[in-house]
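> I'd like to ask you about the structure that follows.
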Amino acid sequence: MTLNTAAFALLCCLSLSILVGADNPYRFFTWNVSFGDIYPLGVRQQGILINGQFPGPDIYSVTNDNLIINVHNSLSEPFLISWNGVQQRRNSWEDGVSGTNCPIPPGKNFTYILQVKDQIGSFFYFPSLYFHKAAGGFGGFRILSRPLIPVPFSEPAGDYTVLIGDWYKANHTALRATLDGGKKLPFPDGILINGRGPNGAYFTVDQGKTYRLRISNVGLQNSLNIRIQNHTMKLVEVEGTHTLQSSYSSIDVHVGQSLSVLVTADQSPKDYYIAVSTRFTTIILTTTAVLHYSNSGQKVTGLIPGGPTTQIDWSLNQARSFRTNLTASGPRPNPQGSYHYGMINLTRTIRLASSAAQVNGKQRYAVNSVSYVEPDTPLKLADYYKIGGVFRLGSISDNPTGGKEYLDTSVMAADYRVFVEIVFQNNEDIVQSWHLDGYNFWVVGMDGGQWSSDSRKGYNLRDAVSRCTTQVYPKSWTAVYLMLDNVGMWNVRTEYWARQYLGQQFYLRVYSPLESIRDEYPIPKNALLCGRASGRQTRPL
């Protein structure tokens, strides 16, 4: 850090400690984001590097840690990083999406000040603007349990981040130009594991020991299946929720999702394939990494283990088998708190239907017929400074309209501390993946066809898994329960990134009329101001 940056970070920490408590540790990161040549599929591309790395460095943290992340933008384009699954409790100011933050201009820096409050688990970060995600800039983000909080399995011998995702040989600028031109993207060229092509990634294990793999699908559009030759995977955690420890020969990981498995090196000492392939696609893309036994006497051989391809029911049944471990602690000793989600009365049902259409002669994607348009000022800033004309509440309905798709800056109003049901309805022929910033939700049900009130009879109201990203199968629905206990402006989006870029997203404004720092932190002193918020004051430090 430079002296000025270090001094500013120290002042920010002192200010933050008043709000979040000085007894929680601070971790400092300085990142330089730059373009650089990468060759993941054997051809030179312009990639986004963080401190010269592709993918970027892992973030290691412990529940309630305060993270001070100073990001220097050495790109030729504005830049933002978002934190997929990190809830930013009372702090949507640091969410790192266009509705909450002004971009970091080229040649400038911005210091994120965030706390991993009351969270554990496996997540990832990624660049949220300008289709940068297609160039890299992503990395693993793990939140470990505090030492006094028991974990429902023995300490593994090692803990690996496994970032999987589909990939294009074309630069992100060319892909963005295709989308800006109103066209769809072609099928991806391959799959990467930790930024590398076939057999490029190695994971070394000692025979007889057990290892944790934190798997995240950081790709652009495809659901992926992962399996390990001659080994089983024991699922232990999904996006911060300890699960029933079921074993699987292969696991589907949909776009934007993260999970943890335990793998025991209980086979003969040699190398084994880790295989990842696309799901529900006519063309099946497959890539491999290597599980390398430290005492291996033989390179990887044999057939690459096959996995499921287009079977929807297989994936649906597997998803339903993911259940919460009710006897395990979470970030606190009592993960259920003083209530259980299955015993709370619903106050609102929101039904969200996705669609694709041509609008003004260009390809667009919509939610309840509204295709999101970026405003000239981040929504959070417009809300804070009460700047009119940027957005209007109610610009997206609670239910599908069945009408023709149109463009608008869609923001949905929601009251603080109400308990809601959200139903994602997918009337299309593709598997979709939906994410909500700021929250985890209970995935209480999913099935084929149209959702109706009778569908509630099949809900899991006992041990549904709690997560932040859920899949919705073709011609199907997925229902989630959600306690709106986090004030802020929160992005609801498809994780199918071309669809997100072309409008399949909106913002949920969770509002408390008290406007108290007990409900939401004040605007950061170092908040970047742009658009119609330019020239305004933040607040005294």
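The values are calculated or read from the model by the stated rules, or taken from the named source; none is laboratory data. Not measured: the values here are computed from a predicted model. Cβ: placed from backbone, ideal geometry, glycine included. Neighbour counts: every protein chain shown. Please note that ligands, DNA and RNA were not included when accessible areas were found on the heavy atoms of the full protein model with its side chains. Shrake-Rupley method; radii C 1.70, N 1.55, O 1.52, S 1.80 Å.
> For the chain, give the percent of accessible area contributed by carbon and sulfur heavy atoms, probe 1.4 Å, rounded to a whole number.
51
> Something else now. Please give the charge dipole size of the chain, origin at the Cα centre, charges +1 on K and R Cβ atoms and -1 on D and E Cβ atoms. Round to the nearest 20 debye.
Rounded to the nearest 20 debye, it is 280 debye.
> Given the DSSP H assignment, sum -39500 (n - 2.57) over each helix run of at least 4 residues in the chain and divide by its residue total; what's the result at 222 nm in deg cm²/dmol, nearest 500?
Values: 5 runs with 48 residues, N = 541.
The helix contribution divided over the chain gives -2500 deg cm²/dmol.
> Quick check: Cα centre of region 252-277 to Cα centre of region 147-205, how many Å?
14
> Tell me whether region 317-435 comes out rounded, prolate or oblate; compute the Cα gyration tensor, take square roots of the eigenvalues as a ≥ b ≥ c, and use a/c under 1.5 as the rounded threshold.
oblate
> Hey, got a sec? Which trypsin sites (Lys or Arg not before Pro) in region 378-454 land in a DSSP loop and have at most 11 other Cβ atoms within 10 Å?
K386, K404
> Okay, next question. Taking the DSSP beta bridges in region 26-144 as the whole, what percent of them are antiparallel, to the nearest 5?
Roughly 65 percent of the DSSP beta bridges within region 26-144 come out antiparallel.
> Is the shape of region 26-144 best called rounded, prolate or oblate, per the rule: a/c under 1.5 gives rounded, else a/b larger than b/c gives prolate, else oblate, with a ≥ b ≥ c the square roots of the Cα gyration tensor eigenvalues? Walk me through the intermediate numbers first.
On the way: a/c = 1.95, a/b = 1.48, b/c = 1.32.
Prolate, because a/c is 1.5 or more and a/b exceeds b/c.
> If I take every Cα pair under 8 Å that is 6 or more residues apart in the chain, average their sequence separation and divide by the length, what percent do I get for the relative contact order?
Contact order relative to length: 14 percent.
> Spelling out what I want: for every residue of region 121-129, take phi, set θ = phi - 60°, compute 6.51 cos²θ - 1.76 cosθ + 1.60 (Karplus), and round to whole Hz; glycine and proline get x.
Computed from phi, the couplings for region 121-129 are x, 10, 9, 8, 10, 7, x, 9, 10 Hz.
> Could you give me the ³J(HN,Hα) list for region 237-248, computed from phi with Karplus coefficients 6.51, -1.76, 1.60 and θ = phi - 60°, whole Hz, x at Gly and Pro?
Rounded to whole hertz, the list is 7, 10, 6, x, 10, 5, 9, 4, 8, 8, 9, 9.
> Using the Kyte-Doolittle scale, which helices in the chain average at least 0.0 and also have C-alpha atoms spread 20 Å or more along the helix axis, with helices defined as whole DSSP H runs?
Flagged H segments are 3-20.
> What accessible area per residue comes out for region 391-510, rounded to a whole number of Å², with a 1.4 Å probe?
Details: 3770 Å² over 120 residues.
Solvent-accessible surface per residue comes out at 31 Å².
> DSSP loop trypsin sites (Lys or Arg not before Pro) in region 436-540 with at most 13 other Cβ atoms within 10 Å of their Cβ, which ones?
Sparse-neighbourhood loop trypsin sites (Lys or Arg not before Pro): R462, R518, R536.
> Something else now. Tell me, what is the per residue accessible area of region 158-321 in Å², probe radius 1.4 Å?
Values: 5850 Å² over 164 residues.
Ligands and nucleic acids excluded, the result is 36 Å² per residue.
> Of all DSSP beta bridges located in the chain, what percent are antiparallel, nearest 5?
Here the antiparallel bridges make up roughly 70 percent for the chain.
> With a cap of 15 neighbouring Cβ atoms within 10 Å, and only residues DSSP puts in a loop, list the trypsin sites (Lys or Arg not before Pro) found in region 187-290. All intermediate terms of the calculation are to be shown ahead of the outcome.
Details: sites: R196, K209, R212, R214, R227, K234, K270, R279; in loops: K209, K270, R279.
Here the trypsin sites (Lys or Arg not before Pro) that fit, given the DSSP loop and packing criteria, are K209.
> Find the centroid of the Cα atoms in region 410-429 and in region 366-397, then give the distance between the two in whole Å.
Their Cα centres are 16 Å away from one another.
> Now for a separate question. Assigning unit charges at the beta carbon (Lys, Arg +1; Asp, Glu -1) and nothing else, what dipole magnitude in debye, to the nearest 20, does region 158-321 show about its Cα centre?
Values: 14 positive and 11 negative charges, 46 e Å.
Using Cβ point charges on Lys, Arg, Asp and Glu, region 158-321 gives about 220 debye.
> Okay, moving on. Per residue of region 506-515, in order, report the coupling 6.51 cos²θ - 1.76 cosθ + 1.60 (Karplus, θ = phi - 60°) as ³J(HN,Hα) in whole Hz, putting x for Gly and Pro.
Residue by residue, region 506-515 yields 7, 10, 9, 9, 8, 10, 10, x, 5, 6 Hz.
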